[in-house]
Amino acid sequence: MNTEVHAHDHHDDHDDHGPAKGVGRWLFSTNHKDIGTMYLIFSLTMFFIGGAMAMVIRSELAIPGLQFVHPEFFNQMTTMHALIMVFGAVMPAFVGLANWMIPMMIGAPDMALPRMNNWSFWILPVAFGILLSTLLMPGGSPAGGWTMYPPLVLQTGDSFPFLIFSVHLMGISSIMGAINIIVTVINMRAPEMSLLKMPMFVWTWLITAYLLIAVMPVLAGAVTMLLTDQFFGTSFFLAAGGGDPVMFQHIFWFFGHPEVYIMILPAFGVVSEIIPTFSRKKLFGHDSMVYAASCIAFLSFIVWAHHMFTVGMPLTGQLFFMFATMLIAVPTGVKIFNWVATMWRGAMTFETPMLFSLAFVFLFTIGGFSGLMLAVAPADVQYHDTYFVVAHFHYVLVPGSVFAIMAGAYYWLPKWTGYMYNETLGKVHFWASTIFVNLTFFPMHFLGLAGMPRRIPDYSTQFADFNTVASIGAIGFGLSQLLFVWVLLTSKQGEKATDRVWEGSHGLEWTVPSPAPYHTFETPPKYRIADEAFE
Amino acid sequence: MTEAEQKKNIRRTTLIVAAIALAFYIGFIMIGVVRA
């Protein structure tokens with residue numbers, strides 16, 4: 001989308017109602033930029049807590065035998081690592097980017113429901129405080145996997161109701177955030193910005209918000225039923241009482257598969273903003289990108305049972321879910337093609353955001369291909385619950401979602417702080433992350449194909465070498481992320497950033513000063529299409 | 001669009017989207033009730 005404003009509307013003269021002083025600024029803030037910042041800091045904190053748990057897991061698995069932790073604690077680590085990374089790190093990071101950028105991209109003064117925005121954020125630390133407190137409880141934290149399958153999860157000790165309560169809170173936070181994004185995008189765009197003129201990041205977030213509205217209540221419903229099964233004598237999922245444990249899996253994955261797209265569609269949006277900027281061309285096939293994202297979102301609702309091929313289902317069911325899953329490769333392929341076509345004959349430069357975006361395109365595609373392999377029902381019987389699955393979803397989520405978050409952070413950081421970050425350190429961070437992420441997760445494909453099951457603290461000696469390599473990679477990847485923290489901490493020591501920051505950047509957010517003033521676009525900006533800007 | 005109209009639209013969109021979320025929550029619990 002190629003856009004320019006007629007008249008720059010900087011609104012940097014609002015000293016009369018700037019940020020409040022002290023802790024109250026953050027506790028009671030209704031400003032989208034403050035709330036975006038809080039989301040991003042919270043997400044980074046959770047990223048390191050979840051990452052520390054990953055270090056425990058990989059240290060234990062570095063060599064065969066039991067080294068450091070009890071198997072029960074190992075299971076707690078795998079469960080908590082997943083819950084924290086999915087709900088505490090990746091999702092809040094994208095909500096943080098959305099809070100910061102969506103109002104500025106559409107020319108709105110703030111989110112449509114600012115007080116609800118404050119609530120959506122502040123529920124999250126409470127939810128994760130409750131979840132993390134279970135580590136200190138008798139019996140420890142939940143250990144039945146992030147999927148919370150009954151009847152296993154019902155054997156959880158004292159931490160069970162805390163798990164259920166925290167998942168409800170995370171769901172409420174996500175639903176409120178999604179309502180806010182939908183309402184903002186539908187009602188508060190600059191007057192001449194039609195839906196198809198919106199930037200891709202806004203589009204992918206709008207679609208993601210609809211996914212959240214549809215599936216987070218389903219997860220809430222599923223865990224509510226778990227709660228009543230445990231404490232109120234119902235038998236939704238208890239076979240002894242006439243219930244059906246497999247029904248939980250159907251309901252969970254009706255949430256769980258769209259959840260994957262909730263974590264990747266905003267990543268598509270970020271990359272779709274960055275690649276045109278550093279290729280100095282407009283995004284190839286903007287409208288087809290919108291239709292492809294919508295198509296992916298629709299298909300995500302009708303593929304859930306590919307997670308359950310091994311529980312048993314009619315052949316027609318297997319065929320339907322297999323082919324529906326494979327169909328997702330088509331709109332995803334459209335996106336990959338469009339990114340490559342955007343770069344084709346572009347005047348490309350390789351600053352850190354572009355490097356992360358390029359790695360995203362390559363490495364997410366590897367995750368996509370292994371997903372296609374898992375979609376093949378008869379083959380999935382072999383791969384199911386092996387490290388091949390672990391390799392697959394980590395390729396989608398780490399060099400996929402996390403790399404896109406990193407790319408977005410580097411891309412927009414000068415707009416947030418007003419200063420250019422240290423490009424050399426950014427590049428070192430990129431190369432270290434890319435090398436170590438592959439060292440960690442690529443060997444897991446071979447481990448899975450050789451038959452190593454997931455969620456085990458010990459393994460046969462035949463798996464030793466690849467596990468050692470993966471553990472070295474994981475520790476390297478973890479340490480590399482400290483570089484990112486260093487870049488953030490020193491981000492105000494660089495050169496002053498210009499309003500536009502990047503030579504090839506386009507869109508309303510680049511027309512406000514750097515750093516973006518506390519209040520922007522209090523008067524809706526005038527807006528016109530300016531395709532010639534790219535010619 | 002006036003500010004009042006925009007507020008009205010915001011309220012309406014909010015209620016519609018919240019109702020959809022509530023329908024999914026209650027709907028899936030009802031599926032559980034019917035199946036159990």
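Where a number appears in this text, it was derived from the coordinates with a stated rule and is not lab data. No experiment lies behind these values; they were computed from the predicted model shown. In this analysis, Cβ positions are derived from the backbone assuming ideal geometry, glycine residues included, and neighbour counts consider all displayed protein chains.
Averaged over the residues of peptide A:171-183, the number of Cβ atoms from other protein chains lying within 10 Å of each residue's Cβ is 3.
How many angstrom separate the Cα center of region B:1-23 from the Cα center of region A:110-160? The distance from the Cα centre of region B:1-23 to that of region A:110-160 comes to 30 Å. With the simple spin-label model, which puts each label point 7 Å out from Cα in the Cβ direction, the A:PHE231 to A:ARG115 separation comes to 3.0 nm. Mean per-residue shielding of peptide A:213-224 is 5, counting Cβ atoms of other chains within 10 Å of each Cβ. With 0.36 nm allotted per residue and the present C-alpha distance subtracted, the A:TYR518-A:LEU319 stretch has 66.3 nm of extension available. Extents of region A:20-82, largest first, come to 55, 17, 17 Å (Cα atoms, principal axes, whole angstrom).
Label reach from A:ALA52 (point 7 Å along Cα→C-beta): in region A:456-482, amide nitrogens under 20 Å belong to A:474-482. Across chain A, the longest run free of exposed loop sites, meaning chymotrypsin sites (Phe, Trp or Tyr not before Pro) lying outside DSSP classes H, G, I, E and B with no more than 14 other Cβ atoms within 10 Å, spans A:351-535. Of A:MET263, A:MET137, the sequence from fewest to most neighbouring Cβ atoms within 10 angstrom is A:MET137, A:MET263. Per-residue shielding of B:7-18, expressed as the average number of other chain Cβ atoms within 10 Å of the residue Cβ, stands at 5. Against chain A, whose longest principal axis is taken from its Cα atoms, helix A:91-106 shows a tilt of about 20°. Legend: distances between Cα atoms for A:LYS496/A:LYS526; A:LYS33/A:LYS281; A:LYS33/A:LYS415; A:LYS427/A:LYS492; pairs beyond 21 Å are A:LYS496/A:LYS526; A:LYS33/A:LYS281.
A Förster radius of 25 Å combined with the Cβ-Cβ distance from A:THR147 to A:GLU423 puts the calculated FRET efficiency at roughly 0.05.
Expressed as cubic angstrom per residue, what is the convex hull volume of the alpha carbon set of chain A?
Each residue corresponds to 144 Å³ of Cα convex hull volume.
Computing FRET efficiency as 1/(1 + (r/R0)^6) for A:ARG280 and A:VAL340, where r is the C-beta to C-beta distance and R0 is 22 Å, gives about 0.90. Once the Cβ-Cβ distance of A:ILE41 and B:ALA18 is raised to the sixth power relative to R0 = 41 Å, the FRET efficiency obtained is 0.90. Per-residue Cβ neighbour counts within 10 Å put A:ILE57, A:ILE213 in the sequence A:ILE57, A:ILE213, beginning with the fewest.
Orientation-averaged projection of region A:64-113 equals 5.4 nm² [convex hull of Cα atoms, one quarter of hull surface area]. Over all orientations, region A:97-138 has a Cα convex hull whose mean projected area works out to 3.5 square nanometres. Of interest is the spacing of the C-alpha centroids, which for region A:278-307 and region A:411-430 amounts to 28 Å. Each residue in B:ILE29, A:ILE182, A:ILE274 was given a count of other beta-carbon atoms within 10 angstrom of its own, and listing them fewest first yields B:ILE29, A:ILE182, A:ILE274.
For region A:91-209, the square roots of the Cα gyration tensor eigenvalues, ordered a ≥ b ≥ c, give a/c of at least 1.5 with a/b greater than b/c, which places it in the prolate category.
Under the rule of -39500 (n - 2.57) per DSSP H run of 4 or more residues, summed and divided by the residues of the protein assembly as shown, what mean residue ellipticity at 222 nm is obtained, to the nearest 500 deg cm²/dmol?
-22000 deg cm²/dmol
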